[in-house]
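Shown next, in structure tokens, is the structure this report addresses.
The values are calculated or read from the model by the stated rules, or taken from the named source; none is laboratory data. Values in this document were obtained by computation on a predicted structure and should not be read as measured data. In this analysis, Cβ positions are derived from the backbone assuming ideal geometry, glycine residues included, and neighbour counts consider all displayed protein chains. The protein model used for the area step is the full one, side chains on, heavy atoms only, and it has no ligands, DNA or RNA in it. Shrake-Rupley method; radii C 1.70, N 1.55, O 1.52, S 1.80 Å.
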Amino acid sequence: MPIILEKKYENDISLAVWQITESHDELQAMLPSEILTDAELASISHPQKQVEFFCSRLVIKYLANSLGIKYLGVKKDEHGKPYLVGSNWQMSITHTSNYVAAVMHPSEALGMDMEKPSEKLKRIAHKFLSESERINAEGDIEKLCIYWSAKEALYKLYGKRKVIFNENLHVFPFQKEQKKITGKLTINELDEKYSIYIEKIDGYILVVTGK
Ligand SMILES: CC(C)(COP(=O)(O)OP(=O)(O)OC[C@H]1O[C@@H](n2cnc3c(N)ncnc32)[C@H](O)[C@@H]1OP(=O)(O)O)[C@@H](O)C(=O)NCCC(=O)NCCS
């Protein structure tokens with residue numbers, strides 16, 4: 001379980017990124033049965049999905065341990081947003097085929113995403129970007145990936161469905177070398193700005209958002 005990046009941002013957000021090197025069975029054996037119940041396991045049929053599930057729980061468990069919080073498992077609310085059992089700490093998870101990452105904060109909602117820049121983002125840019133964001137992205141796939149990941153992270157921070165990406169989620173203009181940018185969520189009663197932190201790992205863009 002090599003943790004390849006662990007850091008604390010200025011506002012008390014803790015991040016851990018884990019490179020997946022273990023097999024399905026090794027990962028399963030690392031989760032005690034009171035945390036990974038038979039019912040939970042039976043609800044995920046695809047072995048690769050099970051690997052993602054094990055890894056995300058293990059990286060949260062790792063982070064909780066290093067922050068001195070007792071890990072009692074992760075459950076999902078009615079919108080699918082994960083939360084830590086028996087704790088007010090907030091969290092978010094993302095996985096790719098090689099990495100799994102998690103963030104935690106003592107009280108404020110968080111979101112995160114990890115993606116690889118791809119040409120496909122050019123074709124769907126109009127669906128997730130406003131006109132001014134599209135102009136700022138300049139058709140650059142790395143910038144498009146930062147926009148996409150930032151909006152996925154803001155979506156996870158909000159946690160509820162019915163979010164219109166090119167209307168409710170905003171990312172202020174940025175240069176792709178920036179490590180910190182700003183986003184905004186405007187939906188229903190909410191009109192809030194958030195910090196967005198950017199890491200570049202092995203060709204992936206990792207984005208973390210929080211207050
Ligand atoms: C749910 C969603 C955000 C997951 O993102 P993804 O890139 O497919 O997958 P990731 O690995 O980054 O994230 C998966 C994690 O998201 C978390 N997640 C799922 N639903 C969530 C929600 N409503 N709120 C917060 N987090 C959520 C889960 O913890 C999940 O991990 P787990 O299953 O191990 O617990 C994504 O599938 C989605 O629905 N996005 C919005 C779709 C949309 O409206 N797009 C329109 C763009 S034009």
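Things worth noting here:
- Exactly one residue among Ser23, Ser45, Ser56 is buried (at least 16 other Cβ atoms within 10 Å of the Cβ) and hydroxyl-bearing (Ser, Thr, Tyr), and that residue is Ser56.
- Segment 116-130, subset open to solvent by 10 Å² or more (accessible area, probe 1.4 Å) and assigned to a loop (DSSP other than H, G, I, E, B), residue farthest from the ligand (Cβ to nearest atom): Glu119
- Subset of segment 61-115 [of a type in the set (Gly, Ala, Ser) and within 13 Å of the ligand (Cβ to nearest atom)]: Gly73, Gly80, Ser92, Ser97, Ala101, Ala102, Ala109, Gly111
- Top-ranked residue of segment 173-203 - restricted to ones that are closer than 28 Å to Glu6 by Cα, part of a loop (DSSP other than H, G, I, E, B) and out of contact with any Asp or Glu (no Cβ under 9 Å at 6 or more places or on another chain), ranked as most open to solvent (accessible area, probe 1.4 Å): Glu177
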